[in-house]
Amino acid sequence: MALNKNLAKLFDVEPSRPESSKNLTGGTFNSNNFGKDYEMVQNNLKDLIQNGNIALESALKVATESDSPRAFEVVAIMLKTMADLNNNVLSVHKSAKDITSASATKLTQTNNSLFVGSTKDLQNLLNKERSTEKVIDVEVVHEGAKQQ
């Protein structure tokens with residue numbers, strides 16, 4: 001803080017005051033904030049890709065005109081960086097899709113039933129009117145406990 005005051009006196013300006021820390025709360029998913037953040041990240045990545053393409057064209061011109069190995073190394077590094085940025089765009093889309101689908105999915109319960117017996121027994125159980133045998137006793141098993 002003293003350094004800021006000294007610099008403020010030297011340059012004849014008012015000393016800067018530290019900004020109050022923002023209230024950072026987390027732990028809850030807010031779809032409005034997520035949408036804004038997603039658009040901001042997407043726009044930033046697109047801007048970086050556009051600027052990178054311009055810089056890559058310039059670096060490629062310099063490399064071809066100078067025939068310098070270092071210039072070609074810079075071009076190679078920029079190509080790798082551009083490829084990483086493009087992969088980041090795809091990963092942002094995948095992450096957004098995963099987050100929005102995870103928040104939208106509802107839990108469903110599936111009960112699987114298992115019949116132990118012959119096909120004749122199963123047909124007799126399912127279609128009692130056509131059954132040649134009358135089913136008197138059926139055993140139902142729930143979570144390891146037997147009921148009759």
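The values are calculated or read from the model by the stated rules, or taken from the named source; none is laboratory data. The structure presented is a predicted model; accordingly, all values stated were derived computationally and were not measured. Glycine gets a Cβ as well: all are built from the backbone with ideal geometry, and neighbour counts include every protein chain shown.
Being surrounded by 10 or more Cβ atoms within 10 Å (Cβ to Cβ) and modelled with pLDDT under 70 narrows it down to one of 68, 16, 20, 31, so name that one.
On the way: 68 fails: modelled with pLDDT under 70; 20 fails: surrounded by 10 or more Cβ atoms within 10 Å (Cβ to Cβ); 31 fails: modelled with pLDDT under 70.
Residue meeting the stated conditions: 16.
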Next on the checklist: Can you find a residue that is modelled with pLDDT under 75, surrounded by 10 or more Cβ atoms within 10 Å (Cβ to Cβ), farther than 30 Å from residue 30 by Cβ and of a type in the set (Ser, Thr, Tyr) anywhere in the stretch 122-135?
Outcome noted: yes
Checklist entry - Regarding residue 140, is this residue over 22 Å from residue 52 (Cβ atoms), surrounded by fewer than 12 Cβ atoms within 10 Å (Cβ to Cβ), in contact with a strand residue (DSSP E or B) (Cβ under 6 Å, 6 or more places away or on another chain) and modelled with pLDDT under 85? => result yes
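Conditions (1) over 30 Å from residue 32 (Cα atoms); (2) modelled with pLDDT of 80 or more, marked per residue:
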residue	(1), (2)
80	yes, yes
85	no, yes
96	no, yes
102	no, no
112	yes, no
117	yes, yes
120	yes, yes
Item to check | Members of the stretch 63-98 that are in contact (Cβ under 8 Å) with a residue 12 or more places away in the chain and of a type in the set (A, V, I, L, M) | outcome: 63, 71, 74, 75, 78, 79, 82, 85, 89, 92, 96
Item to check | Odd one out for residue 9, checked against (1) assigned to a helix (DSSP H, G or I); (2) at pLDDT below 70 | outcome: (2)
